[in-house]
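Below is one structure, written out as structure tokens; comments come after it.
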Amino acid sequence: MQQQMFKHVTNRQGVQLVEYAREFGLSRQEFLDFLNNKEKLENFMRSLQSNQVWFDNLQKSVEKIGARLHLIENLVVDYSIPHNQAAMSGGPQTGSDYNVLKVTDLYQSEKKVVTETIVLLNYPKGGGNYSNTVAWGMKNGLVKTTPHVPFAIGENFPKLNYDLGSNPMYVVETTGCTFGSRASACGVWWGDAERKSSLNWQSGFGNGIDWFAFRK
């Protein structure tokens, strides 16, 4: 019975099944009961397949603008953590004088902890543009991110630059702010084993090391 249910489960779906169990704190027996509940398992598999179709369609869209995507699933983002604390957790080598620590009042904090699906968009050959990329994301049903997202990515994926073969690299949020009269945005920079949170002008984003973060 259990073998038949898994006949059409891909490796990626199998991993997601395990992540589902961990996320909800299921015991081994509860997980086995879930696997043996045909209706629940089929509904879950349909959801995974729907997500795959969604991401495949998004992939086709980015090809038209010369970009590529990376998907991060089940990222836990604690929006209640103070901005500066989150910035230091995401980028432990951040300098105490960095401007990213001076914009804490420009981003509204929220009393919530959310499990997010994050889409990172990158222009491998450069030529990107912050405002145009944000507009592309909105057009394709994605949602802007605030600095807590790249901070959480930095904390949870300290070796993301190696995983993506993008070293150095930068993950930038897509809400942005105005600092010193210039349109700016926060993010996390990876360079070998170092991670630093920073604030940079939006006009400087769009080269081959920048990854724009959106929420599904």
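Each reported figure results from applying straightforward, stated rules to the coordinates on display, with no laboratory input. Predicted model, so just to flag it, every value in this text is computed and none were measured. Positions of Cβ are generated from backbone atoms using ideal geometry, with glycine treated the same way; all protein chains shown enter the neighbour counts.
Shown in residue order for segment 76-81 are the 3J(HN,Hα) couplings computed by the Karplus curve 6.51 cos²θ - 1.76 cosθ + 1.60 at θ = phi - 60°: 7, 10, 9, 6, 7, 5 Hz (x for Gly and Pro).
With the simple spin-label model, which puts each label point 7 Å out from Cα in the Cβ direction, the Ser181 to His70 separation comes to 3.7 nm. Sorted on the mean count of surrounding Cβ atoms within 10 Å across their residues, most packed first, peptides 131-141, 85-95 read 85-95, 131-141.
Within 9 Å, Cβ to Cβ, of Lys144, how many net charges do the neighbouring residues add up to if Lys/Arg are +1 and Asp/Glu are -1? Walk me through the intermediate numbers first.
Details: positive: Arg215; negative: Glu173.
Counting the neighbours of Lys144, the net charge comes to 0.
The alpha carbon gyration tensor of segment 67-215 gives principal lengths a ≥ b ≥ c with a/c below 1.5, which makes the shape rounded. Extension gain, Asn140 to Gln108, is 9.0 nm, computed as 0.36 nm per intervening residue step minus the present C-alpha separation.
Charges at C-beta only: +1 for Lys and Arg, -1 for Asp and Glu. How large is the resulting dipole of segment 67-215 about its Cα centre, in Debye rounded to 20? List each step's numbers first, then the result.
Working: 12 positive and 12 negative charges, 73 e Å.
The calculation lands at about 360 debye.
So if R0 is 30 Å, what FRET efficiency would Asn156 and Asp56 give, r being the distance between their Cβ atoms, rounded to the nearest 0.05? Here the calculated transfer efficiency is 0.75. Here r is the Cβ-Cβ distance between Ala193 and Gln29 and R0 is 41 Å; the resulting FRET efficiency, rounded to 0.05, is 0.50.
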